[in-house]
Amino acid sequence: MRTKRTREEDFRSSGLGGNALSLPTQEMCHALVLDAQQRQSLVAVRSLGSRYLRVAAAETIGDAPTFSSKWCHRKAVLQAEEGMDSYFKCLLQILSVTSAKVLITSSDATIDLIRRHRQQLELITHIALAKEAALSIAVNKQQTLEVARKLGILIPKGVQVASLGDIDLALREVGLPAVVKPVEAWTGNEQQGEKFLARLVTTAHEAKAVIEDMTRFGGTVLFQQFLEGRREAISFLYAGGHMYARFAQWAKRTDPPLGGTSVLRQSISIPPDIGDQAERLVREIDLEGYSEVEFRRDHAGMPYLMEINPRLSASVEVAVRCGVDFPYLLYQWACGDPIDEVKGYRVGKWMRYLMGDFVSALSALRHQGRPGVASPAKVLFDFCTTFFVPMWYDYVDCRDLRPIWPATASAVHYLFQRATGHNPEE
């Protein structure tokens, strides 16, 4: 007999014409947050739920930390693969049950899916994403960099590569080491797809292998110069020609170490150089809603634009803790409600994603000798001494402790897979 979560009913859907289980009685929710496994999704549910809004969450696995939040009003475990059309069929069923006023997504795969079906979705809900004209530029690194170049913003030296035949030109133009990244993070079609992260390559053989892997679904990649300076990002809530909120942070450590998800970051005052550049870029594209503009500095401190993230980023919780509640501002904007204007925030505050920081340290120890990787002694010293620095931790909220346990269980499972020779990222 079921006794737990009496007010947070589970509902499962099958999207491929299989045996779809019956859904519970319709009950309106203010927002549906997808990608419940993501850290930013938990932040969004906590932000909206703590303001007495009813929030539903959805994911393709049943143990997502967001589902355990006391502010998750309802949860949906989708029997479908992320980014595929079967997922969309499930999504329509969930929206019919929840009548969610706003749809919030946190992953590149679901953004791609929503873009393919946007016209149909907009008939039944408000999508918390920029208009298609701006979004199509923001998700495409090549188009973003081209806009930046016209604005006089520094961009890394790079070459677009569509096949192995373009490698020799890329090597001559950029040299090694270099960074290979997909033009669009999610690459695929209606049947299959994959999210690719930036990869550091140090040899021609390695470059060929990485490019072959990233272009197997027909996408293109950027072959860019390697920059190992400080990584800084500016986040905005922009709408109707007005900037309602700004926030800046720098990432001391990331997973992977080259520049993936930030696992140790600090709020900072907005640097005058990149603050101005990022705002001009967002205004030029007319990228409404939430966005994060990322820069990397070179050895001389000059900033180079990396990319724009047009959805809630994994690092957004540090902004919320410092006084810029981007998920709620995003909800206000998507609803068409008046948007709160945020004039300032706390600076110098640290936040750490402990599991990601641990994995980042392991990766750094395993890839000794590669560009941008510190010595083993420094890696271990930095990791251990961070425990003595006052900071917040992802998942840990004294008002909502339950998500800690599924997050911890997922971390243990991940580490066990790695220890037994099964790489979860492959």
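Each value in this text was obtained by applying a stated rule to the coordinates, not by laboratory testing. Quick caveat, the model's predicted, so the values are computed rather than measured. Backbone-built Cβ (ideal geometry, glycine too); neighbour counts: all protein chains shown.
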Check your understanding: Using the 10 angstrom Cβ neighbour count as an exposure proxy, how do Lys181, Lys70, Lys141 rank, fewest first?
Key -> Lys70, Lys181, Lys141
Review point. Lys/Arg Cβ at +1, Asp/Glu Cβ at -1, dipole of region 157-225 taken about the Cα centre: which of Leu222, Pro177, Val159 is farthest positive-ward?
Key: Pro177
Check your understanding: Under the classification rounded if a/c is under 1.5, otherwise prolate if a/b is larger than b/c and oblate if not, where does region 231-352 fall, given a ≥ b ≥ c as square roots of the Cα gyration tensor eigenvalues?
Key -> prolate
Study note, to complete from the structure: Listed with the fewest Cβ neighbours within 10 Å leading, Arg321, Arg230, Arg46 appear as Arg230, Arg321, Arg46
Review point. Dipole magnitude of region 157-225 about its Cα centre, charges +1 at Lys/Arg Cβ and -1 at Asp/Glu Cβ only, in debye to the nearest 20?
Key: 200 debye
Review point. Non-local amide H neighbours of Phe247 (under 5 Å, H modeled in plane, Pro and chain starts lacking H): which ones?
Key: Ser235
**Study point:** Segment Ser96-Glu206, extension gain: residue separation times 0.36 nm, minus the distance between their alpha carbons
**Key:** 34.8 nm
Exercise for review: List every residue whose amide H lies under 5 Å from the amide H of Ile127, counting only residues 5 or more places away in sequence or on a different chain, with H placed 1.01 Å from N in the peptide plane.
Suggested key: Leu103
Point to revise | Nonlocal amide H pairs with Thr254, under 5 Å, H built at 1.01 Å | key: Val263
Point to revise | Residue-averaged [θ]222 nm for the chain, counting only DSSP H segments that reach four residues, each worth -39500 (n - 2.57) | key: -10000 deg cm²/dmol
Exercise for review: Would you kindly state how much longer the chain becomes between Leu151 and Glu194 on full extension, computed as 0.36 nm times their sequence separation minus their alpha carbon distance, in nm to one decimal?
Suggested key: 12.3 nm
Check your understanding: With charges only on Cβ, +1 for K and R and -1 for D and E, what is the dipole size of the chain about its Cα centre, in debye, rounded to 20?
Key -> 1040 debye
Check your understanding: When the gyration tensor of region 10-127 is built from Cα positions, what are the square roots of 5 times its three eigenvalues, in whole Å, from largest to smallest?
Key -> 19, 15, 14
**Study point:** Qualifying lysines (Cα of each under 30 Å from Cα of Lys195; at least 8 residues distant if same chain)
**Key:** Lys75, Lys89, Lys101, Lys131, Lys141, Lys150, Lys157, Lys181, Lys208, Lys252
Study note, to complete from the structure: Whole-Hz Karplus couplings 3J(HN,Hα) for region 155-162, θ = phi - 60° and coefficients 6.51, -1.76, 1.60, Gly and Pro as x, run 10, x, 4, x, 9, 7, 10, 10
Check your understanding: Can you run phi through the Karplus equation (6.51, -1.76, 1.60; θ = phi - 60°) for region 314-319 and list ³J(HN,Hα) in whole Hz, with x for Gly and Pro?
Key -> 4, 8, 5, 5, 5, 5
Review point. In the P(r) worked out for the chain, what percent of Cα pairs fall beyond 27 Å?
Key: 52 percent
Check your understanding: What FRET efficiency comes out for the pair Leu380/Asp298, r = Cβ-Cβ distance, R0 = 22 Å, nearest 0.05?
Key -> 0.20
Practice item. Could you calculate the contour length gain from Asp273 to Met243, that is, 0.36 nm times the residue separation minus the distance between their Cα atoms, to one decimal place in nm? Key: 9.1 nm
